[in-house]
Amino acid sequence: MNILILGSGGREHALAWAVMQNPKCDKLIVAPGNAGIARIAACADLDILDGGLVVTFAEENAIDFVIVGPEAPLAAGVADRLREAGILVFGPSAAAARLEASKSFTKEICDAAGAPTAAYGHFTDAASAKAHVRAQGAPIVVKADGLAAGKGVIIAQTVAEAEAAIDDMFGGQFGAAGAEVVIEEFMEGEEASFFVLCDGETVLPIGTAQDHKRVGDGDTGPNTGGMGAYSPAPVLTDAVAKRALDEIVRPTMAEMTRRGMPYRGVLYAGLMIRDGAPRLVEYNVRFGDPEAQVLMMRLGAQAMDLMHACAEGRLREARVNWADDHAITIVLAARGYPGAYETGGVIGGLDALPETSSEMCFHAGTAERDGRIVATGGRVLNATARGATLAEARDRAYAMAEAIDWPGGFFRRDIGWRALG
Ligand code: AMP
Ligand code: GLY
């Protein structure tokens with residue numbers, strides 16, 4: 001099978017790494033890819049937000065199967081264009097991708113499905129949003145309705161903070177994404193991520209994870225795209241996962257199908273768990289980044305078979321071959337991230353890192369210049385390892401992170417602390 005993966009981050013490197021291990025993969029192209037991906041697959045320069053271009057590229061390269069990594073091409077309808085052209089694709093339609101692209105849409109679906117989530121209000125002007133905040137009090141959560149690259153959520157500790165966030169959003173801070181605002185009850189509990197595949201009918205759980213969103217040790221400092229993750233998430237016990245499936249995920253999928261927009265792809269449910277009861281924080285219509293790195297490390301080559309079965313509507317006959325293992329990934333980021341940071345710094349020591357079925361340094365933001373690997377993004381590398389225990393996986397991953405010679409980078413020292421006790 002000739003496969004095309006769309007995207008350029010650590011998630012896509014992990015997807016490519018898993019796909020390459022599957023003997024059914026004859027040829028793999030990743031567009032646009034990065035310097036790490038280029039070591040294991042062909043990379044192609046392609047505007048992945050342009051569905052017409054992606055279809056033409058797939059046809060010219062005899063691609064049998066396209067895996068879409070990030071949310072932006074999904075929201076832009078790239079999976080729809082591929083399906084219309086008769087090309088097999090893993091990833092939901094633009095209509096179904098609204099589960100991530102519109103928070104008010106997701107809330108409406110949850111209401112219709114009876115899925116437990118935070119109480120909310122949906123506003124199109126600042127005055128009524130502020131009146132709602134004053135009536136509810138703080139803490140309270142203010143969210144831009146649309147895609148805001150993970151930055152459109154403000155947890156306001158005071159009413160004044162919430163009012164300022166409302167002004168910022170309606171003032172255009174997040175562009176069109178903030179033209180509508182959702183205001184939510186602040187939920188307490190422990191957060192975890194639950195990943196399922198869905199082919200429009202069958203829902204198949206493929207793993208759980210927890211990430212560390214804050215930049216600093218002890219979960220301090222500003223929010224980031226994620227500084228590390230591990231799988232499985234101990235808080236998502238079998239009993240909690242069953243409740244999440246029965247009360248949240250399956251009713252949502254059924255409601256999507258009922259509305260004529262069956263969901264096909266991976267659904268990432270962000271859950272808040274308290275006293276064994278899960279509530280939905282948000283849906284994402286893609287794998288998480290860096291959560292995909294730990295999921296792929298655990299699933300290995302079967303990940304491709306599962307995504308392929310999902311795309312072909314054969315999930316009913318698919319089985320996950322579960323291993324009793326643990327995986328962890330440590331994000332190496334550029335100094336200054338998530339604020340301003342420098343790019344172009346040379347990274348050494350990568351060639352000496354182990355590359356096994358249990359240890360891999362995925363690249364998230366790198367390029368090759370004059371034969372050397374340089375940093376090109378905020379999150380740059382993901383030292384990822386697997387072990388019989390989380391402690392073993394952690395020791396392996398940190399040994400890799402320590403061995404990387406990159407003066408311009410940093411990483412958290414406590415990834416996994418909650419699960420390691
Ligand atoms: P989101 O972009 O919706 O994932 O929100 C980013 C983060 O904000 C989540 O991962 C949670 O940590 C937090 N968050 C979002 N909504 C709520 C809520 N209603 N209550 C508590 N925390 C929330
Ligand atoms: N790590 C969080 C996300 O991918 O949305």
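Some values worked out for this structure:
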{"read-out": "Residue within the stretch 144-157 that is hydrophobic (A, V, I, L, M, F, W, C), within 9 Å of ligand 1 (Cβ to nearest atom) and touching a Lys or Arg at 6+ places or on another chain (Cβ under 6 Å) present", "value": "yes"}
{"read-out": "Boolean, L197 is within 16 Å of ligand 2 (Cβ to nearest atom) and in contact (Cβ under 8 Å) with a residue 60 or more places away in the chain", "value": "no"}
{"read-out": "Selected residue [crowded, with 23+ Cβ neighbours inside 10 Å, at pLDDT 95 or above and not polar (S, T, N, Q)] from H326, H308", "value": "H326"}
{"read-out": "For A149: the one exception among (1) farther than 20 Å from V281 by Cβ; (2) surrounded by fewer than 19 Cβ atoms within 10 Å (Cβ to Cβ); (3) of a type outside the set (S, T, Y)", "value": "(1)"}
{"read-out": "Residue match in the stretch 252-267 (condition: within 16 Å of ligand 2 (Cβ to nearest atom), surrounded by fewer than 19 Cβ atoms within 10 Å (Cβ to Cβ) and closer than 17 Å to L295 by Cα)", "value": "no"}
{"read-out": "Tabulated pairs, the stretch 276-292, first in contact (Cβ under 8 Å) with a residue 60 or more places away in the chain and among the hydrophobic types (A, V, I, L, M, F, W, C), second assigned to a strand (DSSP E or B) and more than 14 Å from ligand 2 (Cβ to nearest atom), C-beta under 7 angstrom, 6+ apart or interchain", "value": "L280/T117; V281/M272; V285/G265"}
{"read-out": "Residues that are surrounded by fewer than 22 Cβ atoms within 10 Å (Cβ to Cβ) and either more than 10 Å from ligand 1 (Cβ to nearest atom) or among the β-branched types (V, I, T) (or both), drawn from the stretch 178-194", "value": "A179, E180, E190"}
{"read-out": "Test set (1) away from ligand 1 (no atom under 16 Å from the Cβ); (2) of a type outside the set (A, V, I, L, M); (3) surrounded by fewer than 23 Cβ atoms within 10 Å (Cβ to Cβ); (4) under 22 Å from M261 (Cβ atoms) - D45 fails condition number", "value": "(4)"}
{"read-out": "Out of A97, A131, A144, A149, sole residue that is free of Cβ contacts under 8 Å to residues at least 12 places away in the same chain and within 16 Å of ligand 2 (Cβ to nearest atom)", "value": "A149"}
{"read-out": "Matching residues in the stretch 357-404 - criterion: being surrounded by fewer than 17 Cβ atoms within 10 Å (Cβ to Cβ), assigned to a helix (DSSP H, G or I) and in contact (Cβ under 8 Å) with a residue 40 or more places away in the chain", "value": "E392, A403"}
{"read-out": "Answer residue from the stretch 215-233, given it is away from ligand 2 (no atom under 14 Å from the Cβ) and part of a strand (DSSP E or B) and is nearest to A14 (Cα to Cα) among those", "value": "G216"}
{"read-out": "Residue tally, condition within 15 Å of ligand 2 (Cβ to nearest atom) and of a type outside the set (D, E, K, R), over the stretch 200-214", "value": "5"}
{"read-out": "Close pairs (8 angstrom Cβ cut-off, 6 or more residues apart or separate chains): without any contact (Cβ under 8 Å) to a residue 40 or more places away in the chain in the stretch 213-234, within 13 Å of ligand 1 (Cβ to nearest atom) and part of a strand (DSSP E or B) anywhere", "value": "K213/N223; R214/P222; R214/N223; T220/R214; G221/R214"}
{"read-out": "Residue match in the stretch 84-101 (condition: on the phi > 0 side of the Ramachandran plot, at pLDDT 95 or above, among the small types (G, A, S) and not in a helix (DSSP H, G or I))", "value": "yes"}
{"read-out": "The stretch 215-235, subset within 17 Å of the chain's Cα centre (by Cα) and polar (S, T, N, Q), residue farthest from ligand 1 (Cβ to nearest atom)", "value": "S231"}
{"read-out": "Conditions (1) within 15 Å of ligand 1 (Cβ to nearest atom); (2) free of Cβ contacts under 8 Å to residues at least 40 places away in the same chain; (3) farther than 29 Å from L4 by Cβ: number failed by I109", "value": "(2)"}
{"read-out": "Within the stretch 236-329, helices (runs of 4 or more DSSP H) holding 3 or more residues that are closer than 23 Å to R11 by Cβ and either touching a Leu at 6+ places or on another chain (Cβ under 7 Å) or within 16 Å of ligand 1 (Cβ to nearest atom) (or both)", "value": "291-299, 302-311"}
{"read-out": "Residue within the stretch 222-233 that is aliphatic (A, V, I, L, M), closer than 29 Å to Q136 by Cβ and buried (at least 23 other Cβ atoms within 10 Å of the Cβ) present", "value": "no"}
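The values are calculated or read from the model by the stated rules, or taken from the named source; none is laboratory data. All values reported here derive from a predicted model rather than from experimental measurement. Heads up, the Cβs are rebuilt from the backbone with ideal geometry, glycines too, and the neighbour counts pull from every protein chain shown.
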